[in-house]
1. What number of residues in the range 71-97 are under 23 Å from I109 (Cα atoms) and either loosely packed, with under 10 Cβ neighbours inside 10 Å or of a type in the set (K, R) (or both)?
2. All but one of (1) surrounded by 12 or more Cβ atoms within 10 Å (Cβ to Cβ); (2) at pLDDT below 90; (3) out of contact with any Lys or Arg (no Cβ under 7 Å at 6 or more places or on another chain) hold for Y134, so report the exception by its number.
3. When the range 183-238 is examined, which residues are found to be farther than 17 Å from F253 by Cα and of a type in the set (D, E)?
4. Does D110 satisfy the condition of being exposed (fewer than 14 other Cβ atoms within 10 Å of the Cβ) and either in contact with a strand residue (DSSP E or B) (Cβ under 6 Å, 6 or more places away or on another chain) or not hydroxyl-bearing (S, T, Y) (or both)?
5. Any residue in the range 79-104 that is under 30 Å from Y138 (Cβ atoms) and not assigned by TED's automatic domain parsing to the domain that holds Y138 sitting within a Cβ distance under 7 Å of a residue that is surrounded by 10 or more Cβ atoms within 10 Å (Cβ to Cβ) and at pLDDT 80 or above? List the pairs, counting only those 6 or more apart or interchain.
6. Provide a single number: the residues in the range 205-242 that are within 19 Å of N191 (Cα to Cα) and either among the small types (G, A, S) or surrounded by fewer than 19 Cβ atoms within 10 Å (Cβ to Cβ) (or both).
7. Among the residues of the range 110-161, write down those that are at negative phi, of a type in the set (G, A, S) and under 21 Å from the mean Cα position of the chain (by Cα).
Amino acid sequence: MNGRLLRFATMGVAGFFLMLAPSRADETGGGHLSPERINMLDRRGYFSPAFKAAVHDLVDAQQALDKADAEDKQFNNDLPDLQKQVADAQAKVAALREELEKYQHPDEIDFAEMQNRVKAGASPQEELTLAQAYVWAYPSSPHQSDAEQYLEEAQKAIADQQENAKETEATRVAARAALVQRAQAHDLSLNEWRGFLLNMSEEDLLKYLGPPDAQGSGYWIYSGNLTTDEDTQRKVGLRINFNAGRVLGVTEFPASP
């Protein structure tokens, strides 16, 4: 019996009680339908046993319907929380599966990580470390050839860096040697003297220029023909100023008028 038909039947039974005489209604406690009042009327002989059983069933069915309605309302109220719980559980399951995948296929995860770091601009040294570790750790990986290519590229890049560094150092050493030779030949411009002597100790200065012709508090004077004045094109010496025993600055001596 559906809910609408059940309510219709309940109303019909209630109407029956309302048709009772007022005195009878008073005796029975009014027209309100309940199992207790039905029992009282039955004891007074108003109903047959079959009718009483039918009314009891009707009341029980109404109570069951009310309970079902309440449970349905509670379920609707709880549904958003249940849906959120389901979504959270699904997210946790997905995270656990992703974590499990790392343990099931670590070679794939490590290879993807290596690719990403190389594409992001990893240094040749870092690329070498990653590729070498992968080649050793996963000899049967389908990405072995790719890892070996990364390894070769990193080795070549490092070799090129080392060769460039050697060439740069050789160039620097050669340039320094040429500068020292020119300094010993007194063939430097004033700016070149400044760069060459800057921060040089007194002991090193003595090696390149010998003892000064004169000295004072915090300076030495070399009066020989050490450089050429750009304005007069005449040979002049150098005044070298010190700070805590190291060359702080260099000017012409005598100074240009």
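The values are calculated or read from the model by the stated rules, or taken from the named source; none is laboratory data. Model, not experiment: these values are computed from the prediction. Virtual Cβ from ideal backbone geometry, glycine too; neighbours counted across all protein chains shown.
1. 2
2. In the conditions (1) surrounded by 12 or more Cβ atoms within 10 Å (Cβ to Cβ); (2) at pLDDT below 90; (3) out of contact with any Lys or Arg (no Cβ under 7 Å at 6 or more places or on another chain), Y134 misses (2) alone.
3. Selection gives E202, E203, D204.
4. On the way: exposed (fewer than 14 other Cβ atoms within 10 Å of the Cβ): no; either in contact with a strand residue (DSSP E or B) (Cβ under 6 Å, 6 or more places away or on another chain) or not hydroxyl-bearing (S, T, Y) (or both): yes.
When the stated conditions are applied, D110 does not pass them.
5. Short answer, once both residue conditions are applied: K102/I109.
6. First, the residues of the range 205-242 that are within 19 Å of N191 (Cα to Cα): 205, 208-209, 219-242.
Okay, now just the ones that are also either among the small types (G, A, S) or surrounded by fewer than 19 Cβ atoms within 10 Å (Cβ to Cβ) (or both), so 208, 219, 221, 223-225, 228-235, 237, 241-242.
Total meeting the criteria: 17.
7. Applying the first criterion (at negative phi) to the range 110-161 yields 110-120, 122-161.
Still in the running and of a type in the set (G, A, S): 112, 120, 122-123, 131, 133, 137, 140-141, 145, 147, 154, 157, 159.
Result: A112, A120, A122, S123.
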